[in-house]
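The structure under discussion appears below in the form of structure tokens.
The values are calculated or read from the model by the stated rules, or taken from the named source; none is laboratory data. Worth saying up front: this structure is predicted, and the values here are computed from it rather than measured. Virtual Cβ from ideal backbone geometry, glycine too; neighbours counted across all protein chains shown. Protein only, heavy atoms only, side chains kept; ligands, DNA and RNA dropped before computing areas. Shrake-Rupley method; radii C 1.70, N 1.55, O 1.52, S 1.80 Å.
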Amino acid sequence: MIPAQFDYLRPATLEEACQALAADDEAKVLAGGQSLLPLLRLRLAYPTTLVDIGRLPGLTGVHDRGDHVFIGALATHDEVLRSPVVRAGCPLVALAAATVADPAVRHRGTFGGSLAHADPAGDLPAVVLALDGVLVARSAEGEREIAAADFFADYLETTLEAGEILVGVKIPKLAGEWGFHYEKFRRTVQAWAIVGVAVAVRRSNGSIQEARIGLSNMGTTPLRARAAESALQGVELGEAVRQACEEASADTAPPADLHAQPDYRRHLARVLTHRAVRTAAGTP
Amino acid sequence: MTEVGTARRRKEDARLLTGRTQWTDNMQLPGMAYVAFLRSPMAHARITRVDVSAARGLPGVIAAYAGADFAEEQGSLPCAWPVSEDIVIPDHPPMAVSEVRYVGEAVACVVATDRYKAADALDAIEVDYEPLPPVLDMNDALTEGSPKVHEAGNQAFTWRLTQGDVDAALRDAPVLIDRTYIQQRLIPTAMEPRAVMATSDGESFTLWSATQIPHVLRLMLALTTGIPEHKLRVIAPDVGGGFGSKLQVTAEEVLCLLLTRKTGRPVKWTESRSEGNLTVHHGRDQIQHVTLAAEADGRIRGLRVELLADMGAYLMLVTPGVPILGAFMFNGIYKMDAYDFNCTGVFTTKMPTDAYRGAGRPEATYAIERVMDELAAELNLDPIEVRRRNWIRHEEFPYTTVAGLTYDSGNYEAATDKALSLFGYDKLRAEQGDRRDRGDPVQLGIGVSTYTEMCGLAPSRVLGSLSYGAGGWEHGSVRMLPTGKVEVVTGSSPHGQGHETAWSQIVADALGVPFDDVSVIHGDTAISHKGMDTYGSRSLVVGGVAVLAACEKVKEKARKIAAHVLECAPDDVEFSEGTFRVRGTDSGKTIQELSLATFAAHDLPDGVEARLDADATVDPDNFSFPHGTHLCAVEVDTETGMTKIRSYVAVDDVGKVVNPLIVEGQVHGGIAQGVGQALYEEAVYDAEGNLLTSTMADYLVPSAADLPAFVTDRTETPATSNPLGVKGVGEAGTIASTPAVVNAIVDALRPRGVHDVQMPCTPERIWRALS
Amino acid sequence: MPRIAITVDGIAYEEEVEPRLLLVHLLRDRLGKTGTPIGCDTSNCGACTVLLDGKSVKSCSVLAVQADGSAITTIEGLAANGTLHPMQRAFHEEHALQCGYCTPGMVMAAIDMLRDDPEPSEESIRHGLEGNLCRCTGYCNIVRAVRRGAQDMAVKTP
């Protein structure tokens, strides 16, 4: 199918881009376009203007900033999953980025785009949420930092304001002995996650000291499995971990759709969280 | 014979690998305009108003029409298979005029200077609908008081085949297996979406279409539109897969012809995938109620099948014939004395169904192969053993089955033994036992499918007896050119099968010419005047045999000319490896020399025309019956319900093999499609009749990462019904694999009390079966 | 209308394009590069895969304006002087195509995969092709062809 008509702007600076977006509520940002173009082609979106930020300087690359990794909004999934900085500083991001769509899409799709699109079935929102990422947005008024917990507002909605553009994400480096895993469950490799579980755990002396768990597709936004996180604190590796992970579906509101019903998604959240925690904790 | 049996690399590949293809959408004609269709968003509604006037004024728009604009000339899309006396064939206007009966039915169209403007103009068309109740469930549709799809009611036809006394067989049977299986609705998903281009000089029409059936299409379009047959040329250029979905006379083909006539311009329409998911005919969609009666030792007494077949909203080209093809296959490879098959075709407000790879036979095979596993479980027998006790033994061929077909040849024992050994059956059974004992959350299951199919469609007299509207012959012609090269024209119309290669191999052997000296032409009714096209694994069995028959005629002509040139009697001429020799001498002429001599015509025998060519039309005596044994091992994660195919072995017997590479490829692809039905694919309509699986993001087609490598091998029991001894291979893999996979899943879960999982066996369904 | 400069299979073009024009339609309808087909509208099937500045992309999901200043390689640009690219040859030898509609995308995706994994395992090949659907082959021969193509390319460029 064929997109409806729209105007196209390719601003030379971030300031111009912000102005263009502020001036028109129906304008949309175009980065890699890998989420947007299928929507345009199916005529599920009718933006008046696409503001192409794809070539703006300063939004690219992955940077080691000491206590955190800064991932430019325009860094592609392919760059992110290969980045030594990401692999060293926040390996969970690389693990999840490698499962996004397919290689060709990963060459175009951007880290910032995936987050701004805010699809709860996406892989990266849950990861950024689990890692307490901080999203950096720019507008005519200047720069604003938004905690991941405050960023995802609803299904495909963020707290970005009109005229605000996501420029990058700060992912705090975790101190201590952490393990990571992203468990993605889907019917075919191409399909969206029915449920995804992003896990970081810190272990010592055979028990889990701290766990952070992000859930994909268990609500209208990505969710933290807070109850399971608390239940896992201080738990010895073994059967107790499974019991703690039974809390993973608490306070979730998974959707009913073509691919799964809510009760099944809740069940999967529990099973997959257990598996992800075990893998992240390095237990077989 | 040197070429037949050789793994020749394909002649077709060169253009396909370099992008020098002729897909219909690639083609442009001067002045060509683009067509876009507005489609119904309602499953069932009365059309109260269509206003295209706003679209007509938009830039680049050449014309816009509603159904009423075609009412006088569009006719009704044909159904060529009125299977029974009681059949109801409703009027099927290519563009809906007063009522829509499925989501996606065309209600208006735009012709514009480019495809973007055509798409835009659709937004300007206004249509008012008065909703009518959708009819979505077959059982509900047949109840008194159900809303009606058509005025005559929701029953399309009933059809029965009965042999022996099934009531007696079922009465007091020591074992009775009674099951209901659902053949979910599938979307064929050929990779090339449909495309049509049409042009006219005012009198004659040419239509290019991504079709499997240029010849049938020409005839049907002539009958539908009133364009005289001799003024209509149909061309199937490169066609990107079909699997039955392009065995159709479509609304868009008819309308593009009418649009080129109305606008005086060449027009082209290309569907998008999401449009195609709605409007390419769907496959399967049956509810099968199967009752099998057996003795205590597992021998089958009889089989009863009650079948509901969803026709969708209309009867298209062979819609009602699909379940009837299955009627002859429910008994599979097994001996029994009583069989009763009752089918009811049902109208619903969904896209019509029609042929999809296997067409009726995969559904039937699934049912019998699933039930055989249930019988084995009931009797605590190995599923292979219960099959052995029932199948036709190799020394019993030819064998007339309870359904009335005569299987000419086969060796089920040999194929099964080979498959078991390649599979490592005993070792896998031992592992299965271990995992069960351990309570491993990942259980192993082993699935068996010992299938046969009827293909090589079809003896014309049989088709006639089944009320099909045409014959089942195929045509081939072979002509020697002055330089000794050979042109072959085949009535079969390939779309990925490799006819150009396989036919070259047959001709090279028959005429003793080099493989590279043969070219094969197809798919254009102006060049190939006669044909029945490609479906039902018929190309080689009927079309290849027709080419061989034409070669034999060419040889006989050449023999006469050779005898004249060599000054001997024709009976004294022997032919070997391309040379005609006087028996017992070295004196001879090559076929190339004779073809030049024929062209020069300086010295031909009296009464012999100056041409070395021949036509042949071959009508098969019987169907062909490929068979085989497929074994599948799955690992089922009982915690999540996820199934992973661990290994898959297919041993097929497709008779003599012309090109083993092509045969293997057909088996691989067939298995993948059958696995797709077992695990992934389903066309889902919601309660209002909207298709939820309208894109590839929702209708899941397996990728390389979802499938294992398949191990394939063959046994070779030649068909006795044709001189090549071939049986056809296009549908075998798909027919065999679906029950093999589901049997494996059920086998894995049987100790947990599971005796069925509805297809596609999604993780959620498996989890629910276990909960 | 925006004006873009683009190089396709070594030929430089300058075109005025509607912003919404898809790269694949620029290739097919404007430049006559019909070797790259379209198989879906959701970027699932991969039939339209081309290389954009050396990396695989789905040309149905890139706007022509986004490709401004880029170099595109399509299936038509692989064979040199009538000699097939090793990957094309491997697809031929291994019978890795039937109808051939997915083939341009498969070949381009396969070549892309080898950029940083010149000796892929069967599993890597299958995952590397996860964005390209084929309905004919069941993928077995495609996997073999990619392995063979990889070997042949390694021989050619040690």
### Query
Among A:T48, B:T643, what's the order by accessible area (1.4 angstrom probe), most exposed first?
A:T48, B:T643
### Hits among lysines - C-alpha to C-alpha of B:K727 under 17 Å, sequence gap 8 or more where chains match
B:K656
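Round to a whole number: what % of the accessible area of chain A belongs to carbon and sulfur, probe 1.4 Å?
After summing per-atom areas, the C and S share lands at 48 percent.
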### Task
Please work out the ratio of the alpha-carbon Rg of segment B:366-408 to 2.2 N^0.38 Å and round it to two decimals.
1.32
### Computed magnitude of the charge dipole of the protein assembly as shown (debye, nearest 20; Cβ of K, R +1, Cβ of D, E -1)
1400
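Mind grabbing the interface size between A and B? I mean buried accessible area, both sides, 1.4 Å probe, in Å² to the nearest hundred.
When A and B are taken together, about 2400 Å² of accessible area is lost.
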## Note on the structure
All alpha-carbon distances of segment C:86-156, grouped into 10 Å bins from 0, give the whole-percent distribution 23, 62, 14, 0
### Query
Just which residues of segment C:28-47 lose 50 Å² or more accessible area with every protein chain there, against their chain alone, with the probe set to 1.4 Å?
C:R28, C:D29, C:T34, C:D41, C:T42, C:N44
### Query
Helix A:14-23 versus the longest principal axis of chain A: what angle, 0 to 90°, nearest 10, using Cα atoms?
80
### Message
So if I take the alpha carbon set of chain B, get Rg, then get Rh from the Kirkwood formula, what is the Rg over Rh ratio?
### Response
0.99
#### Entry: Cα pair count fraction exceeding 20 Å, expressed as % - segment B:473-618
45
## Note on the structure
Shape descriptors of the protein assembly as shown over alpha-carbon atoms, Rg and Dmax in angstrom, are 31.1, 105
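Quick check on my link table: of B:K246/C:K55; B:K485/B:K589; B:K246/B:K555, which ones sit more than 27 Å apart, alpha carbon to alpha carbon? Please list the in-between numbers first.
Numbers: B:K246/C:K55 34 Å; B:K485/B:K589 15 Å; B:K246/B:K555 36 Å.
With Cα atoms farther than 27 Å apart: B:K246/C:K55; B:K246/B:K555.
For segment B:168-283, give the magnitude of the charge dipole about the Cα centre (Cβ charges: +1 Lys/Arg, -1 Asp/Glu; no others), in debye to the nearest 20.
Numbers: 13 positive and 11 negative charges, 30 e Å.
Roughly 140 debye for segment B:168-283.
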### Message
With a 1.4 Å probe and all protein chains kept in place, how much accessible area does B:Y468 have, in Å² rounded to the nearest 10?
### Response
40
## Note on the structure
Kirkwood calc, chain A, C-alpha pairs only, radius in angstrom 19.2
### Protein-protein interface of segment B:737-767, residues with accessible area decrease of at least 10 Å², isolated chain reference, 1.4 Å probe
B:T762, B:P763, B:E764, B:W767
### Query
Where only protein heavy atoms count, and the probe is 1.4 Å, what is the accessible area per residue for the protein assembly as shown in Å²?
33
### Task
Could you sort the residues of segment A:19-42 by number and keep only those whose accessible area is reduced by 10 Å² or more in the all-protein-chain setting relative to the chain alone, 1.4 Å probe?
A:L30, A:Q34, A:L37, A:P38, A:R41, A:L42
### Message
I'd like the projected area of segment B:332-453, averaged over all directions, using the convex hull of its alpha carbons. Report it in nm² with one decimal.
### Response
10.9
### Query
Using the scaling law 2.2 N^0.38 Å as the reference, what is the normalised Cα Rg of segment B:602-683?
2.01
### Message
Cut-off 17 Å, label point 7 angstrom out along Cα-to-Cβ of A:D64: give me the residues of segment A:158-178 whose amide nitrogen falls inside.
### Response
A:171-176
### Task
Could you tell me the total accessible area buried at the C-B interface, probe 1.4 Å, in square angstrom to the nearest hundred?
4300
### Calculated FRET value between B:L29 and B:D516, using beta carbons and R₀ = 51 Å, to 0.05
0.95
### Task
Using only atoms on other chains, find how many Cβ atoms lie within 10 Å of each Cβ of peptide A:54-60 and report the average.
1
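How large a share of the accessible area of segment B:1-85, in percent, is made up of carbon and sulfur atoms when the probe is 1.4 Å and the other protein chains stay in place?
53
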### Task
Please give the total accessible area that chains A and C bury against each other, computed with a 1.4 Å probe and expressed in Å² to the nearest 100.
2700
### Summary
Taking a ≥ b ≥ c as the square roots of the eigenvalues of the Cα gyration tensor, with a/c under 1.5 meaning rounded and otherwise prolate when a/b exceeds b/c and oblate if not, segment A:59-138 is rounded
### Message
Quick check on segment B:675-771: what are the equivalent-ellipsoid semi-axes from the Cα gyration tensor, as sqrt(5λ), descending, whole Å?
### Response
32, 20, 13
### Message
Let me spell out the model: positive unit charges on the Cβ of Lys and Arg, negative unit charges on the Cβ of Asp and Glu, origin at the Cα centre of chain B. What dipole size does that give, in debye rounded to 20?
### Response
860
### Task
Counting helices only, and only those DSSP H runs with n ≥ 4, report the 222 nm mean residue ellipticity of the protein assembly as shown as the sum of -39,500 (n - 2.57) divided by its residues, in deg cm²/dmol to the nearest 500.
-8000 deg cm²/dmol
### Message
Taking the 0 to 90 degree range and rounding to the nearest ten, how far is the long axis of helix A:262-280 tilted relative to the main principal axis of chain A, both from C-alpha atoms?
### Response
70
### Task
Keeping the other protein chains in place, figure out the carbon and sulfur percent of the accessible area of chain C, with a 1.4 Å probe.
48
### Message
In Å, what Kirkwood hydrodynamic radius results for segment A:178-280 from the alpha-carbon pair distances?
### Response
13.3
### Message
Just checking the output field for B:670-676: average partner chain Cβ neighbours within 10 Å of each residue's Cβ?
### Response
3
### Task
In whole angstrom, note down how far apart the Cα centers of segment B:447-526 and segment C:1-27 are.
43
### Message
Tell me the accessible surface of B:W208 in square angstrom (1.4 angstrom probe, heavy atoms of protein chains only), to the nearest ten.
### Response
40
### Task
Express in Å², to the nearest 10, the accessible area of B:S576 obtained by rolling a 1.4 Å probe over the protein heavy atoms while all chains stay in place.
60
### Task
Could you pull out every residue, at least 5 positions away or on a different chain, whose amide H is within less than 5 Å of the one on C:V8? Hs are placed 1.01 Å off N in the peptide plane, and Pro or chain starts have none.
C:Y13, C:I72
### Task
Please name whichever of B:I235, B:T143, B:P93 sits farthest to the positive end of the charge dipole of chain B, dipole taken about the Cα centre and charges placed at Cβ: Lys and Arg +1, Asp and Glu -1.
B:I235
### Query
Per Stokes-Einstein, at 10 °C and 1.306 mPa s, what whole-number D in µm² s⁻¹ belongs to segment B:1-102, with the Kirkwood radius over Cα pairs as the hydrodynamic radius?
84
### Query
Along the positive direction of the dipole of segment A:1-132 (beta-carbon charges: Lys, Arg +1; Asp, Glu -1; about the Cα centre), which of A:A45, A:A104, A:S114 reaches farthest?
A:A104
### Query
Per residue, what volume in Å³ does the convex hull of the Cα atoms of segment C:3-77 enclose?
74
## Note on the structure
Once phi for every residue in segment B:662-674 is put through the Karplus expression 6.51 cos²θ - 1.76 cosθ + 1.60 (θ = phi - 60°), the whole-Hz ³J(HN,Hα) values, with Gly and Pro written as x, are 5, 4, 4, x, 5, 5, 3, x, x, 4, 4, 5, x
### Message
If you wrap a convex hull around the alpha carbons of segment C:1-134, what volume per residue comes out, as a whole number of Å³?
### Response
106
### Query
Under a Cβ-Cβ cut-off of 12 Å, what is the net charge of the residues other than A:L14 that fall near it, where Lys and Arg count +1 and Asp and Glu count -1?
-2
#### Entry: Coarse-grained scattering of segment B:406-532 at q = 0.13, 0.17, 0.18, 0.20 Å⁻¹, given as base-10 log I(q)/I(0) from a Debye sum over alpha-carbon atoms
-0.80, -0.98, -1.03, -1.13
### Task
Evaluate the distance, in nm, between pseudo-label points positioned 7 Å from the Cα of B:L223 and of B:D437 along their respective Cα→Cβ axes.
6.5
### Query
When the chain is fully extended, how far beyond the present Cα-Cα distance does B:E567 get from B:R429, taking 0.36 nm per residue of separation?
42.6 nm
#### Entry: Paramagnetic label zone (point 7 Å from Cα along Cα-to-C-beta, C:A154; backbone N under 16 Å) in segment C:113-127
C:113-126
### Task
Pick out, from B:L379, B:L420, B:C343, the residue whose Cα sits farthest towards the positive end of the charge dipole of segment B:317-446, with +1 on the Cβ of Lys and Arg and -1 on the Cβ of Asp and Glu.
B:C343
